[in-house]
């Protein structure tokens, strides 16, 4: 159903809302865990207004963000997952903040501070630096995400959130990478981080008899002690008797985030799959849409993965100059798509009710 | 804001501003200003927005406010031969290296808003900048109309960002801040 007006869910309703943007501006997940307890996973911005989209969503439905948002998770530091998260954290004054630094936290902090020497707001670590400052001011501990960790627990019979990654092996490799990046600073004055996706924080949500898995941008690794294979083989918090009925498909539906065992071993046959396309990389590819459609009849996307070429409107003489000098120039068009899923978690047999907004759509109705 | 001073492309040839006893070729000043060749200069960030002269008309008239003239007067200038009347600027980040060059994501520095992407060829990059071409490298691309000895021509210029070599003081400061933060932050 198409959403015409957003509203607050009732206390017995769990809501998982994926906000995604065409054009690769990012994705974020807003979660109602019941009883007006909220969590937010990642943030992205509207390029026109600069607003954090999850914050905008929460405000629009009347959530008391200062008090009711209990947890903010930053899955990794790619721009399409982190933009606006500092502003979000600043507004959510009672919220915990969770992410996955390297095991050697001192080195991680040094890396972030060295990055700030660039004095540019464009690097994603600037958002991290701001979040660290907020946490420092509040004196509230930061939660380190790692394999099989409870990062939010609302009570014995209430909702819980677990981080499923990064694994110990990934964090060890991360330490080495951070050291290497720091070494580059003095020689190059430029740091290019490699492969944040591998450090992505995948999450397991449990509520009543139901559960959901949010795949972040976690990929399949050659190392069986990392990524999805490690979760499948070694996770102690995933129960084979309680398969998830909801899956945020990792990494924009890319093939490097796909593992058949995830669908066979972790998800129910009727699980809902949601993804955010990444238009510039033309993700997801048609063949992956077909693969996911074989696993579920409930595949949703926040927008189409393709968009026709378009140029921005400018002064006509500049448009002419662009046409002559750079015909390949194309706008990364922004449009916000929302897929909202709600379930009465107090009823064991309840099903998800899925609604869409904007360009979001049911891929395989 | 003071009343704008109207000048034209002809009248500014070899014009000098001497308010602070410095000689300044305004042609070069604008070339510098528009291209942001000294992007690390914090003074540049404080300069007024330049929408007024971006919208200069086709006759080459430029409206300069006094504060802009003063601001330009305060910055040192590299050599640049052309005077630009209309320019679109982007901040690019290389996302992919291709056989012929690279692809880049582009942020619109004039109007902001949505990003763009485009393909660039190696032949467009100067010899000095070629070693800087790598994934994640940042560059400025400007496209505009240049008045080259009286004839107007389109010009596309790509310049890669050169981050300054940080001093030991800079690095020490970052180290100190990280240590202080490490002591202050609590982790679960």
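Is the C-alpha gyration tensor of chain A telling us rounded, prolate or oblate? Criteria: a/c under 1.5 is rounded; beyond that, a/b larger than b/c is prolate, otherwise oblate.
Rounded is the answer for chain A, as its axis ratio a/c remains below 1.5.
Using only Cα atoms, locate the centre of the stretch A:218-236 and the centre of the stretch A:332-352, then give the distance between them in Å, rounded to an integer.
Computed from Cα coordinates, the inter-centre distance equals 27 Å.
Counting helices only, and only those DSSP H runs with n ≥ 4, report the 222 nm mean residue ellipticity of chain A as the sum of -39,500 (n - 2.57) divided by its residues, in deg cm²/dmol to the nearest 500.
-8000 deg cm²/dmol
Modelling each spin label as a point 7 Å along the Cα-to-Cβ direction, I'd like the residue B:168/residue A:256 distance in nm, to one decimal.
Here the answer is 4.0 nm between the modelled labels.
Could you please state, rounded to a whole Å, how far the C-alpha centre of the stretch B:173-188 is from the C-alpha centre of the stretch A:74-125?
Comparing the Cα centres of the stretch B:173-188 and the stretch A:74-125, I get a distance of 14 Å.
From the square roots a ≥ b ≥ c of the eigenvalues of the alpha-carbon gyration tensor of the stretch A:291-344, which class results: rounded (a/c under 1.5), prolate (a/b over b/c), or oblate?
oblate
Specify whether the C-alpha gyration tensor of the stretch A:241-365 places it in the rounded, prolate or oblate class, a ≥ b ≥ c being the square roots of the eigenvalues: rounded for a/c under 1.5, otherwise prolate if a/b is larger than b/c and oblate if not.
Cα axes put the stretch A:241-365 in the prolate bin.
Could you work out the relative contact order of chain A, using alpha carbon pairs under 8 angstrom and six or more residues apart, expressed as a whole percent? Could you put the intermediate results ahead of the total?
Values: 808 pairs, mean separation 63.4, N = 365.
Reported relative contact order: 17 percent.
What's the FRET efficiency of residue A:175 with residue A:323 using the Cβ-Cβ distance as r and R₀ = 45 Å, to the nearest 0.05?
After rounding to 0.05, the efficiency reads 0.35.
Could you check the spin-label model distance between residue B:122 and residue A:67? Points 7 Å from the Cα along Cα→Cβ, value in nm.
Reported label-point gap for residue B:122 and residue A:67 is 6.3 nm.
Ranking A:103, A:270 by Cβ neighbours within 10 Å, fewest first, what do you get?
A:270, A:103
Calculate the FRET efficiency for residue A:362 and residue A:94 from the Cβ-Cβ distance with a Förster distance of 30 Å, rounded to the nearest 0.05.
So, using R0 = 30 Å, E works out to roughly 0.25.
Going by how many other beta carbons lie within 10 Å of each one, how would you line up A:180, B:173, A:163, A:102, fewest first?
So the residues, fewest neighbours to most, are A:180, B:173, A:102, A:163.
Report the FRET efficiency, 1/(1 + (r/R0)^6), for residue A:150 and residue B:154, where r is their Cβ-Cβ distance and R0 is 60 Å, rounded to 0.05.
That gives a FRET efficiency of 0.50.
How would B:169, B:116, A:219 line up from fewest to most surrounding beta-carbon atoms within 10 angstrom?
B:169, A:219, B:116
I want to verify a result. In a Gaussian network model of chain A, Cα cutoff 10 Å, which of these has the top mean-square fluctuation: A:313, A:160, A:282?
Highest fluctuation of the listed residues: A:313.
Values in this text are rule-based calculations from the coordinates and carry no lab data. Since the model is a prediction, treat every value here as computed from it, not as a measurement. Cβ: placed from backbone, ideal geometry, glycine included. Neighbour counts: every protein chain shown.
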